[in-house]
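Scroll down for the structure; my scribbles are underneath it.
Since every read-out is calculated from the coordinates, none of them should be taken as a lab result. These numbers come from a predicted model, not from an experiment. Counting neighbours? That spans all protein chains shown, and the Cβs are built from the backbone with ideal geometry, glycine included.
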Amino acid sequence: MYKIETFIPKESLQELRQALLEVDAGHIGNYRGCLSYYPVTGVWFSDEGSNPTVGQKGQWSEEPELKVEVNVDDANKDKTVEAIRRVHPYEEPVINAIRLE
């Protein structure tokens with residue numbers, strides 16, 4: 001079992017929820033699409049070669065985001081990460097796959 005977490009702008013939540021549902025991420029018993037999210041503040045510096053969705057090249061950015069967490073079976077980890085990458089609006093999304101014991 002893995003916990004997959006990512007950070008997205010609030011306006012991307014519904015698209016991400018649908019993508020996760022389509023790959024059966026967050027399936028717990030008779031419930032599907034189970035996930036958690038909460039507000040965080042993302043901070044980053046965009047290097048000159050970047051193409052930032054938010055902020056400017058060569059500057060620090062600080063934006064409200066949602067941290068989204070979903071649990072998936074081992075066999076579903078790669079499909080879930082691919083689904084997140086497909087809908088994530090950032091050029092370089094942070095996607096953490098944490099093995100649960």
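Each Lys and Arg contributes +1 and each Asp and Glu -1, all at the Cβ; summed about the Cα centre of region 1-65, the dipole is approximately 240 debye. Per-residue ellipticity at 222 nm from helix content only, as computed over the chain with -39500 (n - 2.57) for each DSSP H run of at least four residues, stands at -6000 deg cm²/dmol. Restricting the trypsin sites (Lys or Arg not before Pro) of the chain to loop positions (DSSP other than H, G, I, E, B) with no more than 14 neighbouring Cβ atoms within 10 Å leaves R32, K57.
Against the chain, whose longest principal axis is taken from its Cα atoms, helix 77-87 shows a tilt of about 40°. With contacts taken as Cα pairs under 8 Å at a separation of at least 6 residues, the chain carries a relative contact order of 45 percent. Couplings 3J(HN,Hα) of region 52-65, computed from phi: x, 5, 10, x, 10, 4, x, 9, 6, 10, 9, 9, x, 9 Hz, in residue order, whole Hz [Karplus 6.51 cos²θ - 1.76 cosθ + 1.60, θ = phi - 60°; x for Gly and Pro].
I need the Debye-formula profile for region 1-42: one equal scatterer per C-alpha, no solvent, reported as log10 I(q)/I(0) at q = 0.13, 0.27, 0.28 1/Å, two decimals. For region 1-42, the Cα-only Debye profile gives -0.29, -1.08, -1.13. Computed from Cα atoms, the angle from the helix 13-22 axis to the main principal axis of the chain rounds to 40 degrees. Three principal axis extents of the chain based on alpha-carbon atoms, in descending order, are 47, 23, 21 Å.
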